[in-house]
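Worksheet: the structure to be examined is printed underneath.
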Amino acid sequence: LDLWQLLNIQTDFDVDLVFSREGAVKAIESAHTQGILRFAGITGHKDPLVLRRAIEQYPFDTILMALNAADRHNASFIDHLLPIAVEKQMGIMAMKVPSRGRLFRQTGVRTMVQAMSYVLTLPVSTAVIGISSLGELEDNIRIVREFKPLTQQEMAELEHLTAPYFADALWYRDHM
């Protein structure tokens with residue numbers, strides 16, 4: 001296996017479970033020892049402090065976390081988790097970039113270019129974007145090819161636009 005990720009770690013109980021005597025981390029270590037696993041990762045989109053606790057306990061290679069322009073308004077992954085992942089030189093993968101379309105508003109973030117540019121300006125290795133058509137995939141590829149990092153002011157402007165509806169844009173924190 002190239003990458004084994006512990007999926008959707010949400011609570012301190014989840015962390016305790018994966019680090020228990022017979023937990024998933026023991027299986028990861030066994031797979032490493034046997035030479036059948038190259039990298040281990042962890043994922044989550046509920047609580048950045050829970051994931052922070054996990055990566056402080058174990059040298060995971062990757063982390064998949066929820067990142068978008070609404071993040072900074074509540075329990076921010078950008079503020080509380082991303083710096084530690086960068087410090088640990090982890091492969092950082094973003095998810096929930098457009099938040100299943102809930103990030104988009106006429107008076108807010110309006111385009112996928114804005115949503116993806118915001119996240120790609122962060123220190124991420126890749127972004128996982130769901131699609132519903134081949135056209136969306138082609139559009140996303142074009143956005144990445146034409147990507148130019150945003151300025152701090154542009155990032156702050158996109159964050160400001162999401163302030164009135166951040167709870168809806170972060171819906172996944174309480175529903176998955």
- prompt: Within segment 61-101, how many residues turn out to be part of a loop (DSSP other than H, G, I, E, B) and more than 13 Å from the chain's Cα centre (by Cα)?
  reply: 5
- prompt: Of everything in segment 102-122 that's in a loop (DSSP other than H, G, I, E, B) and among the polar types (S, T, N, Q), which residue is surrounded by the fewest Cβ atoms within 10 Å (Cβ to Cβ)?
  reply: Gln106
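Kindly indicate whether Ser99 is at positive phi and either modelled with pLDDT under 95 or open to solvent by less than 20 Å² (accessible area, probe 1.4 Å) (or both).
When the stated conditions are applied, Ser99 passes them.
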task: Could you please find all residues in segment 123-145 being open to solvent by 80 Å² or more (accessible area, probe 1.4 Å) and closer than 25 Å to Thr107 by Cβ?
output: Ser132
field: Sole exception among (1) in a helix (DSSP H, G or I); (2) open to solvent by 80 Å² or more (accessible area, probe 1.4 Å) for Lys148, by number
entry: (1)
message: I need the full set of residues from segment 1-27 which are loosely packed, with under 15 Cβ neighbours inside 10 Å and under 18 Å from the mean Cα position of the chain (by Cα), in order please.
response: Leu3, Leu7, Asn8, Thr11
field: Neighbours by Cβ (under 7 Å, 6+ apart or cross-chain): first from segment 22-38, farther than 15 Å from Leu3 by Cβ and assigned to a loop (DSSP other than H, G, I, E, B); second modelled with pLDDT of 95 or more and not hydroxyl-bearing (Ser, Thr, Tyr)
entry: Gly23/Leu17
field: Only one of Ala156, Ala94, Ala85 that is small (Gly, Ala, Ser), open to solvent by 40 Å² or more (accessible area, probe 1.4 Å) and modelled with pLDDT of 95 or more
entry: Ala156
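The values are calculated or read from the model by the stated rules, or taken from the named source; none is laboratory data. Quantities reported herein were computed from a predicted structural model and do not represent experimental measurements. All Cβ positions, even for glycine, are placed from backbone atoms using ideal geometry, and neighbour counts span all protein chains on display. Heavy atoms of the whole protein, side chains included, go into the accessibility calculation; ligands, DNA and RNA do not. Shrake-Rupley method; radii C 1.70, N 1.55, O 1.52, S 1.80 Å.
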